[in-house]
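The values are calculated or read from the model by the stated rules, or taken from the named source; none is laboratory data. Note that the coordinates shown come from a computational prediction; the quantities given were computed from them, not determined experimentally. Cβ placement follows ideal geometry from the backbone for every residue including glycine, while neighbour counts extend to all protein chains displayed.
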């Protein structure tokens, strides 16, 4: 299929997202117990059709660049890090008004030393190479509605394969919508959608015509597919390096996501903004996110520690309880919080912040992703702020399960202090996570779509942690070690993804429309809506 034909398919899919967006959002809100008029509806817009439209628009731009110039153009020239390896800007992107929508933000991919400038001159050239398509089984996620769609789009339009998409039983109600969204691709034989539970998934994994597998889910599902059921046979296979699955597999499997609060002279407004920031990462999607903050790491002697944690709890107290729609949530809440959730006819669960958690007394908080609305805080001993940062990085790498994402809140004065910038850069370099957010939730990197999304490349099949490989990555970069997102310590107007935003839904719809049909004429209306938060 030529580039023009592929662009036509992408644009057709983009148009179908616009036609189906309202239906898509209504179905998700009904399933998750989000009422008409609720500010929470903006979550389902942003994490569903909005993210999908941005992904499609970025791919259309890059396909057109390959068609015109033979390669994808980067937003800015690559820079060299202290070790000589390249760092490539992937946000802001030209043509989508990122400099306004994400004002003050920048995301850079840190590449392996083996990747040189010559490699970047050939970005997207693989789109013109003809190769036999493989059949990739995509085991869709049940929590965030854009995941199965954008995973499939990645496999088709960036890797040149065709997709058998199995819907997760949790959100298979979206299957009919996705069948229409992919309608033309289904007619072309590029996508098929199937439904069912674990038996259907196992049959698809084992099917001789399936060449590769991609899963977004839990480490338990991944290891059952790769190594077989728990027991002596699995242990034998692990020791021998003999997986049950003989096919390639890529995955995204969750995280005990840390948020490191670097001590500093924060103003009350800065402290409040960061408390809302952390709270947003806990409350979004009822905390059923692989990137939800699960461990706040503080310095034990930080004078503002108690005040900050009080602010986090205060913000969460303003956020209405959410329906715990994901299976097993009530059991997990009891196990990770140590409390029995009060009975509620609506099936909601309360937000829970556990202070002063210790790995010795509550190991599950550090070694397992709770996937429920429980977040812990742990404090570390250190002689000063810089030693705390070093220890926090070591703690995150060594004590917390997963390699997907980590966040740091850093006051500018820390970086200006003698040795501060070197300490900060050392922390970014040593954090073994695929995505690192500075002053902001790394989930933004998922929504931006141009960065890769996945675990750190040091993982192995036997110890997959947050998963192997990545999706999105619309610039088709190779050798990405991590993506670092940096943004201001506090921004105004209030971000529409904050749970305390009063009118986020109109903003979400306007951003979706901007990505679908980019035009400077739409910016005044978007900025006016943003002022209503």
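The selection criterion, being over 25 Å from residue 493 (Cβ atoms), in contact (Cβ under 8 Å) with a residue 60 or more places away in the chain and crowded, with 20+ Cβ neighbours inside 10 Å, holds for residue 378. Across region 402-417, the qualifying residues are those that are under 21 Å from the mean Cα position of the chain (by Cα) and not in a loop (DSSP other than H, G, I, E, B), and the one among them that is nearest to residue 157 (Cα to Cα) is 405. Screening residue 134 against (1) surrounded by 20 or more Cβ atoms within 10 Å (Cβ to Cβ); (2) touching a strand residue (DSSP E or B) at 6+ places or on another chain (Cβ under 6 Å) leaves a single unmet condition, (1).
Is it true that some residue in region 58-71 is surrounded by 20 or more Cβ atoms within 10 Å (Cβ to Cβ), farther than 26 Å from residue 513 by Cα and over 22 Å from the mean Cα position of the chain (by Cα)? Looking through region 58-71, none of the residues is surrounded by 20 or more Cβ atoms within 10 Å (Cβ to Cβ), farther than 26 Å from residue 513 by Cα and over 22 Å from the mean Cα position of the chain (by Cα).
Within region 208-225, the presence of a residue that is more than 30 Å from residue 6 (Cβ to Cβ) and more than 25 Å from the chain's Cα centre (by Cα) is excluded. Within region 183-197, which residues are surrounded by 13 or more Cβ atoms within 10 Å (Cβ to Cβ) and out of contact with any strand residue (DSSP E or B) (no Cβ under 6 Å at 6 or more places or on another chain)? If the condition is that a residue be surrounded by 13 or more Cβ atoms within 10 Å (Cβ to Cβ) and out of contact with any strand residue (DSSP E or B) (no Cβ under 6 Å at 6 or more places or on another chain), then 183, 184, 186, 188, 196 are the ones that fit.
I'm trying to understand the selection: among the residues of region 231-246, which are part of a helix (DSSP H, G or I), without any contact (Cβ under 8 Å) to a residue 40 or more places away in the chain and closer than 29 Å to residue 134 by Cα? Break it down stepwise before answering.
Initial filter on region 231-246 (part of a helix (DSSP H, G or I)): 232-240.
With without any contact (Cβ under 8 Å) to a residue 40 or more places away in the chain added as a condition, the list becomes 232-237, 239-240.
Result: 234, 237, 240.
Out of all the residues in region 339-358, is one or more in the same structural domain as residue 272 (by TED's automatic domain parsing), closer than 21 Å to residue 465 by Cβ, surrounded by 14 or more Cβ atoms within 10 Å (Cβ to Cβ) and under 26 Å from the mean Cα position of the chain (by Cα)?
Start the filter on region 339-358 by keeping residues that are in the same structural domain as residue 272 (by TED's automatic domain parsing), which leaves 339-358.
Filter once more, so that each one left must be closer than 21 Å to residue 465 by Cβ: 357.
With the extra rule that they be surrounded by 14 or more Cβ atoms within 10 Å (Cβ to Cβ), the set shrinks to 357.
Retained after the next criterion (residues that are under 26 Å from the mean Cα position of the chain (by Cα)): 357.
Scanning region 339-358 turns up at least one residue that is in the same structural domain as residue 272 (by TED's automatic domain parsing), closer than 21 Å to residue 465 by Cβ, surrounded by 14 or more Cβ atoms within 10 Å (Cβ to Cβ) and under 26 Å from the mean Cα position of the chain (by Cα).
Among the residues of region 337-353, those identified as touching a helix residue (DSSP H, G or I) at 6+ places or on another chain (Cβ under 7 Å) and part of a strand (DSSP E or B) are 349, 352, 353.
Being closer than 21 Å to residue 462 by Cβ and either surrounded by fewer than 18 Cβ atoms within 10 Å (Cβ to Cβ) or not assigned by TED's automatic domain parsing to the domain that holds residue 404 (or both) is true for just one of 210, 244. Which residue is that? Please lay out each step first, then the result.
Values: 210 fails: closer than 21 Å to residue 462 by Cβ.
Of the residues listed, the single one that is closer than 21 Å to residue 462 by Cβ and either surrounded by fewer than 18 Cβ atoms within 10 Å (Cβ to Cβ) or not assigned by TED's automatic domain parsing to the domain that holds residue 404 (or both) is 244.
Does residue 437 meet the test of being under 22 Å from residue 136 (Cα atoms) and either at pLDDT 95 or above or assigned to a helix (DSSP H, G or I) (or both)? Against the criterion (under 22 Å from residue 136 (Cα atoms) and either at pLDDT 95 or above or assigned to a helix (DSSP H, G or I) (or both)), residue 437 does not qualify. Taken over region 381-399, the criterion of being within 24 Å of the chain's Cα centre (by Cα) and free of Cβ contacts under 8 Å to residues at least 60 places away in the same chain is satisfied by 394, 397, 398, 399.
One line per residue, one yes/no per condition, for (1) in a helix (DSSP H, G or I); (2) touching a helix residue (DSSP H, G or I) at 6+ places or on another chain (Cβ under 7 Å); (3) surrounded by fewer than 16 Cβ atoms within 10 Å (Cβ to Cβ); (4) modelled with pLDDT under 95:
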{"residue": "444", "(1), (2), (3), (4)": "yes, no, no, no"}
{"residue": "447", "(1), (2), (3), (4)": "yes, yes, no, no"}
{"residue": "482", "(1), (2), (3), (4)": "no, no, no, no"}
{"residue": "498", "(1), (2), (3), (4)": "no, yes, no, no"}
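So that you can scan it fast, the table gives a plain yes or no per residue for (1) without any contact (Cβ under 8 Å) to a residue 12 or more places away in the chain; (2) crowded, with 21+ Cβ neighbours inside 10 Å; (3) within 16 Å of the chain's Cα centre (by Cα); (4) not assigned by TED's automatic domain parsing to the domain that holds residue 309:
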position	(1), (2), (3), (4)
229	yes, no, no, yes
248	no, no, no, yes
274	no, yes, no, no
294	no, yes, yes, no
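Of everything in region 418-431 that is touching a helix residue (DSSP H, G or I) at 6+ places or on another chain (Cβ under 8 Å) and in a loop (DSSP other than H, G, I, E, B), the residue that is farthest from residue 109 (Cα to Cα) is 419.
Of the residues making up region 83-97, not one is within 22 Å of residue 510 (Cα to Cα), touching a strand residue (DSSP E or B) at 6+ places or on another chain (Cβ under 8 Å) and surrounded by fewer than 19 Cβ atoms within 10 Å (Cβ to Cβ).
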